[in-house]
Amino acid sequence: MKKILIINGHPDTVSFNYALSEAYRQGAESSGAGISQINIAELDFDPNLKNGYRQRMDLEKDLLEAIEKIKAAEHLVWVFPMWWYGLPALMKGFIDRTFLPGITFAYQEGKPLPKKLLAGKTARIIVTADTPAWYSSLFMRNPAINQLKRGILQFCGIKPVKLTYLAMLRGSSPEVRNRWLAQIHELGRKLR
């Protein structure tokens with residue numbers, strides 16, 4: 001049984017991102033996967049990494065549980081909206097507080113790059129946006145996607161990291177949204 005962790009990074013619990021998370025979960029459950037979920041908006045934690053890496057902050061109970069879910073998962077599914085070509089602030093704070101040295105990567109004496117402590121895991125990024133994919137890619141160079149995919153997940157050893165980009169969300173019809181929900185359900189069913 002494949003262990004999948006769905007991480008919803010939208011701070012609004014009634015957003016379309018929650019419907020997408022649910023569609024993926026239902027699809028994966030239909031294939032017999034073991035599912036755990038983190039809805040970042042429902043966690044109780046300080047998103048500000050106050051001391052950087054100089055001094056470790058005590059991890060709140062919700063973050064300790066989230067870290068255990070991340071470590072236990074084989075496949076991580078990140079669902080979030082792209083805002084100002086970046087990650088939502090709460091999601092970035094969650095990553096800052098959980099993807100820490102000794103947890104997701106480890107510095108190595110005399111080496112420029114760290115040991116990747118999440119090697120062997122895979123991921124899927126599901127991002128919603130109001131920007132067409134071609135514009136985000138050609139003119140903006142996909143900063144949010146590159147940050148999460150390369151700068152965080154692959155940096156910690158997760159690969160491959162696949163992408164599903166759903167746009168333009170604003171003004172999309174119920175038919176288009178239902179098509180997207182079916183697409184995400186199918187990704188879950190195929191455990192991708």
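Listed by first and then second residue, the pairs with beta-carbon distance under 7 Å, at least 6 apart or on different chains, first residue in segment 159-173 and closer than 18 Å to Lys190 by Cβ, second in a loop (DSSP other than H, G, I, E, B), are Lys162/Arg192. Taking the conditions (1) aliphatic (A, V, I, L, M); (2) within 24 Å of Asn51 (Cα to Cα); (3) touching a Ser or Thr at 6+ places or on another chain (Cβ under 9 Å) in turn, Met91 satisfies each one other than (3). Among the residues of segment 1-52, those identified as under 21 Å from Gly120 (Cα atoms) and charged (D, E, K, R) are Lys2, Lys3. Has segment 50-57 got any residue that is out of contact with any strand residue (DSSP E or B) (no Cβ under 6 Å at 6 or more places or on another chain) and buried (at least 17 other Cβ atoms within 10 Å of the Cβ)? Scanning segment 50-57, I find no residue that is out of contact with any strand residue (DSSP E or B) (no Cβ under 6 Å at 6 or more places or on another chain) and buried (at least 17 other Cβ atoms within 10 Å of the Cβ), so the answer is no. Within segment 100-132, if we keep just the residues that are crowded, with 17+ Cβ neighbours inside 10 Å and not aliphatic (A, V, I, L, M), the residue that is farthest from Leu63 (Cα to Cα) turns out to be Thr131. Of all residues assigned to segment 50-73, none qualifies as being under 23 Å from Val161 (Cα atoms) and in a strand (DSSP E or B).
For the subset of segment 85-99 comprising residues that are in contact with a helix residue (DSSP H, G or I) (Cβ under 9 Å, 6 or more places away or on another chain) and either surrounded by fewer than 16 Cβ atoms within 10 Å (Cβ to Cβ) or modelled with pLDDT under 95 (or both), which member is farthest from Ala41 (Cα to Cα)?
Out of the qualifying residues, it is Tyr85.
Close contacts from segment 12-30, counting a first residue that is over 10 Å from Gly188 (Cα atoms) and a second that is part of a helix (DSSP H, G or I) and hydrophobic (A, V, I, L, M, F, W, C), with Cβ to Cβ under 8 Å and a gap of 6+ residues or different chains, come to Asp12/Ala41; Thr13/Ala41; Ala19/Leu181; Leu20/Trp180; Leu20/Leu181; Leu20/Ile184. Going residue by residue through segment 185-192, is there one that turns out to be modelled with pLDDT of 95 or more, over 18 Å from the mean Cα position of the chain (by Cα) and not basic (Lys, Arg)? Within segment 185-192, one or more residues are modelled with pLDDT of 95 or more, over 18 Å from the mean Cα position of the chain (by Cα) and not basic (Lys, Arg).
Do we find a residue being loosely packed, with under 14 Cβ neighbours inside 10 Å, modelled with pLDDT under 95 and outside any helix (DSSP H, G or I) anywhere in segment 170-180?
Yes, that holds for at least one residue.
Criterion first (touching a helix residue (DSSP H, G or I) at 6+ places or on another chain (Cβ under 9 Å), small (Gly, Ala, Ser), farther than 30 Å from Ser173 by Cβ and buried (at least 17 other Cβ atoms within 10 Å of the Cβ)) does Ala66 satisfy it? Criteria met by Ala66. Residue check: Phe45 meets all listed conditions (1) touching a helix residue (DSSP H, G or I) at 6+ places or on another chain (Cβ under 6 Å); (2) in a loop (DSSP other than H, G, I, E, B); (3) closer than 30 Å to Ser172 by Cβ but one, namely (3).
The values are calculated or read from the model by the stated rules, or taken from the named source; none is laboratory data. Being a predicted model, the structure only gives us computed values, none of them experimental. No Cβ is skipped: glycine too gets one built from the backbone with ideal geometry, and neighbour counts run over all protein chains shown.
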